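**Q** Can you keep this structure in mind? I'll have questions shortly.
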Amino acid sequence: MNQGTNLALFVVEAVLYFTLLTTLLHFRHRIGLGVFLTALGVMHFVETYLAAVFYVDLPIGVVSPGSSIFFAGKLVMILMLYIKEDAATVRQPIYGLFIGNAVTLLIAQFLLLHHTVSLTPGQTADVAFLREMGLLMLWGTALLYIDSLAIILLYERIGRLFPGPTITRIAASSTLVLTFDQVGFYGLLAYLYDAPAAVFWGGWKAKMVAALLYSAMFALYQMFFRDPGMVLARRPIRDIFTDLTFRERYEDLLARTGRDVLTGAFDRGRMEIEAPRLLRESAERRKALSVAIVDVDHFKAVNDRFGHLHGDSVLREVADELHRGTRTGDLLFRYGGEEFVIVLPEANHADAMLISERMRQEIAAGIRDHGGEPITVSIGVATAPEDGANFTSLLAAADNRLYRAKNAGRNRTEGRPDSGV
């Protein structure tokens, strides 16, 4: 078969692949998104196999349809799903493919432990090839994950830098990601099969042709099927990355852990993670950060007079009042017993003193014990970088001022001598 025939078949295969998957994607609300995702997923093993062993001669070089048509098309389809839906939807096939390929690889390694038999003379299992395919699947799976995230983030970044037609953004992001993918996949082929450089250049050219071809077909799709959902996303890139990587689930889980059960404040272990991080970030931005240590006055006497249940109730009320007094971005921690620590990013010493003093007054005015006596607190405030360059020294400075407040009669807020509060 000559190069011209191979080239014609190459184009036809790309058109058929794009048409089939685009049709499934277009009618996803009628037949379900699962049909599209399944069709996308079952192709990956075939793609990897073809990329390893099936090559044809084209005018642009020796290429693999599996890599240049099917894999390139899959990335464009993932990008299309993102454009038509959102990051939370497109992460389903990304992680589904990743997990499915990992399970396939694991099962294949177990299969290699079997002692095989031949059903017919000369028919034997190609164990060496199965091992090589396992390595290709592992490497291809890792590249697929990186490529899928990269093509979406590049699509959005290019749109921010150079606003223009969607087709331009698709073509640019596709060519950049497929160039990276070709470098990564060829490296393994060269290692396993000593593939010549012609395989790299032929494959790269074919992927560039495929990227432009798919972009053109996408433009035709838009021309005939106007989709109001295909608009430039205005969400920050960081938020999109957060959705793609399930980070919002992690952050939600993190927000539910490391909390003190009684008061709902974060616990000391969480403080030892979060507070140094916030201090580092403030230092990098050359912003102030303040720390306040809050201690409930005469708390032991409350427990002794009214019992520990009432003491627990007092701690909850104090924590609630401290929560109400903090700003968005401030973090409240239960330091131990009747002590709390508040981390106030981007608060200079004067601001931190005013915030702390306001909370002290609100607690004294609003919380009473069973005998009708007001519950009061003493507070020590310190601010970075003047009072300490690391969290330990900053906390120590605030603790010293707390004890100064208690020695001065309690129910006070103490900071630097020149704080004016």
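The values are calculated or read from the model by the stated rules, or taken from the named source; none is laboratory data. Because the structure is predicted, anything quoted here is derived from the model rather than measured. Using ideal geometry, Cβ is built from the backbone for each residue, glycine included, and neighbour counts are taken over all protein chains shown. Heads up: the accessible areas ignore ligands, DNA and RNA and are worked out on the full protein's heavy atoms, side chains in. Shrake-Rupley method; radii C 1.70, N 1.55, O 1.52, S 1.80 Å.
**Q** I'd like the FRET efficiency for MET223 and GLU85, computed as 1/(1 + (r/R0)^6) with the beta carbon distance as r and R0 of 30 Å, rounded to 0.05.
**A** 0.90
**Q** How many nm is it between the label spots at TYR95 and VAL11, if each spot is 7 Å from the Cα in line with the beta carbon?
**A** Here the modelled spin labels are 4.2 nm apart.
**Q** How high is the FRET efficiency from ARG286 to PHE162, r the C-beta distance, R0 35 Å, rounded to 0.05? Provide the component values of the computation, followed by the final result.
**A** Values: r = 32 Å, r/R0 = 0.91.
So the FRET efficiency works out to roughly 0.65.
**Q** Measuring from a point 7 Å past the Cα of LEU354 along Cα-to-C-beta, which residues in the stretch 379-421 have an amide N at less than 20 Å?
**A** Backbone N within reach: 379-386, 412-421.
**Q** Take the solvent-accessible surface of the protein heavy atoms, probe 1.4 Å, and return the percent of it on the stretch 35-90 that carbon and sulfur atoms account for. Spell out each step's value before the answer.
**A** Details: 1150 of 1630 Å².
After summing per-atom areas, the C and S share lands at 70 percent.
**Q** Within straight cross-link reach of LYS207, meaning Cα distance under 29 Å, which lysines are found once same-chain residues fewer than 8 apart are removed?
**A** Output for LYS207: LYS74, LYS84.
**Q** On to the next question. For the chain, treating each Cα as an identical point scatterer without solvent, what Debye log10 I(q)/I(0) comes out at q = 0.12 1/Å?
**A** Results for the chain at q = 0.12 Å⁻¹ read -0.93.
**Q** What is the diffusion coefficient of the stretch 331-402 in µm²/s, taking the Kirkwood radius over Cα pairs and the Stokes-Einstein relation at 37 °C with a viscosity of 0.692 mPa s?
**A** 248
**Q** Using a 1.4 angstrom probe, figure out how much accessible area the chain has per residue, in square angstrom, rounded to the nearest whole. Intermediate values should be presented prior to the final figure.
**A** Numbers: 21120 Å² over 421 residues.
Result: 50 Å² of accessible area for each residue.
**Q** I would also like to ask the following. Between VAL53 and GLU386, what is the label-point separation in nm under the 7 Å Cα-to-beta-carbon projection?
**A** Calculated label separation equals 7.4 nm.
**Q** Multiply the residue gap between ASN407 and ALA301 by 0.36 nm, knock off their C-alpha separation, and tell me the result in nm, one decimal place.
**A** On the way: separation 106, 0.36 × 106 = 38.16 nm, distance 1.73 nm.
So the chain would gain 36.4 nm between ASN407 and ALA301.
**Q** If you count the DSSP beta bridges with both ends in the stretch 317-421, what percent of them are antiparallel, to the nearest 5?
**A** Working: 6 of 8 bridges.
If we restrict to bridges inside the stretch 317-421, about 75 percent are antiparallel.
**Q** Between ALA365 and GLU272, what is the label-point separation in nm under the 7 Å Cα-to-beta-carbon projection?
**A** So the two model labels end up 3.9 nm from each other.
**Q** OK, next. What's the carbon and sulfur percent of the stretch 302-398's accessible surface, probe 1.4 angstrom, rounded to a whole number? Don't skip to the end; give the middle numbers.
**A** On the way: 1990 of 4140 Å².
In the stretch 302-398, the share of accessible area belonging to carbon and sulfur is 48 percent.
**Q** Quick one, could you list the DSSP H helices from the chain stretching 15 Å or more along their long axis (Cα atoms) with average Kyte-Doolittle hydropathy of 0.5 or above?
**A** Values: long enough: 3-26 (34 Å, 1.26); 33-53 (32 Å, 1.65); 72-84 (18 Å, 1.59); 87-111 (36 Å, 1.19); 127-161 (49 Å, 1.20); 166-193 (39 Å, 0.96); 197-224 (41 Å, 1.04); 268-284 (24 Å, -1.01); 308-325 (25 Å, -0.70); 349-366 (25 Å, -0.20); 391-407 (24 Å, -0.28).
TM-like helix candidates: 3-26, 33-53, 72-84, 87-111, 127-161, 166-193, 197-224.
**Q** Please build a GNM for the chain, connecting alpha carbons under 10 Å apart, and tell me which residue among VAL302, VAL117, VAL90 fluctuates the most.
**A** VAL117
**Q** Here's another thing I want to ask about it. If you project the alpha carbons of the stretch 1-99 onto their three principal axes, what span does each projection cover, largest first, in Å?
**A** Taking max minus min along each principal axis of the Cα atoms, the stretch 1-99 gives 44, 26, 19 Å.
**Q** Rounded if a/c is under 1.5, else prolate if a/b beats b/c, else oblate: with a ≥ b ≥ c from the C-alpha gyration tensor eigenvalues square-rooted, which is the stretch 298-342? Please report the intermediate quantities before stating the final value.
**A** On the way: a/c = 3.53, a/b = 2.29, b/c = 1.54.
It is prolate, given that a/c is not under 1.5 and a/b is the larger ratio.
**Q** May I pose another question? So what is log10(I(q)/I(0)) for the stretch 278-421 at q = 0.16 1/Å, when the Debye sum runs over its Cα atoms only?
**A** -0.77
**Q** With +1 on each Lys and Arg Cβ and -1 on each Asp and Glu Cβ, and nothing else charged, work out how big the dipole of the chain is about its Cα centre, in Debye to the nearest 20. Present the calculation step by step, with values, prior to reporting the outcome.
**A** Values: 41 positive and 44 negative charges, 150 e Å.
Value, rounded to 20: 720 debye.
**Q** Need one number: % antiparallel among DSSP beta bridges in the chain, to the nearest 5.
**A** Details: 25 of 28 bridges.
Close to 90 percent.
**Q** Putting +1 on Lys and Arg Cβ atoms and -1 on Asp and Glu Cβ atoms, find which of GLY61, HIS298, ALA389 reaches farthest to the positive end of the dipole of the chain.
**A** Positive-most Cα among the choices belongs to GLY61.
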